[in-house]
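The values are calculated or read from the model by the stated rules, or taken from the named source; none is laboratory data. What you see is a predicted model; the values in this text were computed from it and never measured. In this analysis, Cβ positions are derived from the backbone assuming ideal geometry, glycine residues included, and neighbour counts consider all displayed protein chains. Each accessible area value is taken on the protein alone, full model and side chains, heavy atoms only, with ligands, DNA and RNA left out. Shrake-Rupley method; radii C 1.70, N 1.55, O 1.52, S 1.80 Å.
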Amino acid sequence: MALPVPTLAPRPSLAVLGLQERFPVRRAFCIGRNYAAHAREMGFDPDREPPFFFMKTAEAIVPVEPGQTAEIVYPSGTRDYHHEAELIVAIGRGGRDIPESEALLHVFGYAVGLDMTRRDLQAEAKKLGRPWEIGKSADQSGPVGPITRGGNLDIKGHIRLAVNGAIRQDSTLAAMIWSIPEQIAIISRYFELHAGDLIFTGTPEGVDAVMRGDTMEVSVDGLERIRVAVV
């Protein structure tokens, strides 16, 4: 008996503050070790390496609706599931070889997000020189909140994460090694960016494990904060 033609689930879309229309997610690029203190806590010297990127599948993105607490499932295959608070850049206009001076013209807006990581599996992949997807692209590993429109952002604003009310990550966007325009320019040398792409811009120090029953709250100054519960 022949199998039926598969019906694909719709891709996720993010709320946009002030609009009824939603932002459809195409791809998610993520920069690695973009805060010096986080790089050091992972055992690396941030002053010696050029930027590098990995990706999450679009299906890993979990839209967090305004004022709601999203739920994500603790994934299989890990005993060390870490939170990583991130500023998310939403691309509204694509392009190749985008100059840094024009990069912000391609930004639709910004959101607060999480790069959830199966740290034990990521560490094993690093040791063996293998890709990171098994650690970084677990189902529901990319919660992202509603988008605030605009190409400008306070680059000195705070980024914070609390678990069950206790602060774990607390830094400023100014601590990024590679700026948002630099990240856009670099990615666009290797991939043609398109509207709907997301860029996860890195996480500060203080990453740690969460367990089922924990609730994370993430904030970036000037943006809608998010709450995410692990079930």
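Observations on the structure shown:
- I186, sole failed condition from (1) in a loop (DSSP other than H, G, I, E, B); (2) within 16 Å of F29 (Cα to Cα): (1)
- Residues within the stretch 147-178 that are among the hydroxyl-bearing types (S, T, Y) and assigned to a loop (DSSP other than H, G, I, E, B), tallied: 0
- For E100, the requirement of being of a type outside the set (G, A, S) and either open to solvent by less than 50 Å² (accessible area, probe 1.4 Å) or free of Cβ contacts under 8 Å to residues at least 24 places away in the same chain (or both) is not met.
- Selection count, the stretch 197-231, where residues are among the small types (G, A, S), more than 14 Å from the chain's Cα centre (by Cα) and either modelled with pLDDT under 95 or open to solvent by less than 50 Å² (accessible area, probe 1.4 Å) (or both): 4
- The listed residue being modelled with pLDDT of 95 or more, among the aliphatic types (A, V, I, L, M) and under 26 Å from R11 (Cβ atoms), out of I147, I167: I147
- Within the stretch 119-146, the set of residues being within 20 Å of I88 (Cα to Cα) and outside any loop (DSSP other than H, G, I, E, B) comprises E133, G135, K136, G142, P143, V144.
- Qualifying residue in the stretch 52-61 (condition: of a type outside the set (S, T, N, Q), farther than 14 Å from A28 by Cβ and either at pLDDT 95 or above or part of a loop (DSSP other than H, G, I, E, B) (or both)): yes
- Checked against (1) at negative phi; (2) modelled with pLDDT of 95 or more, G95 passes all but a single condition, namely (1).
- Count - residues of the stretch 125-158 that are open to solvent by 50 Å² or more (accessible area, probe 1.4 Å) and among the hydrophobic types (A, V, I, L, M, F, W, C): 3
- Scan of the stretch 189-231 for residues that are hydroxyl-bearing (S, T, Y) and either more than 16 Å from V107 (Cα to Cα) or in a strand (DSSP E or B) (or both), ordered by number: Y190, T203, T215, S219
- Of all residues in the stretch 63-80, exactly one satisfies the criterion of being open to solvent by less than 20 Å² (accessible area, probe 1.4 Å), outside any loop (DSSP other than H, G, I, E, B) and either within 25 Å of I177 (Cα to Cα) or β-branched (V, I, T) (or both), namely I72.
- Looking only at residues of the stretch 167-196 that are among the small types (G, A, S) and open to solvent by 50 Å² or more (accessible area, probe 1.4 Å), we find that the one that is farthest from H82 (Cα to Cα) is A195.
- Top-ranked residue of the stretch 3-36 - restricted to ones that are crowded, with 17+ Cβ neighbours inside 10 Å and assigned to a loop (DSSP other than H, G, I, E, B), ranked as modelled with the lowest pLDDT: R33
- Residue identified as in contact with a helix residue (DSSP H, G or I) (Cβ under 7 Å, 6 or more places away or on another chain) and over 30 Å from V231 (Cβ atoms) among K127, K156, K136: K156
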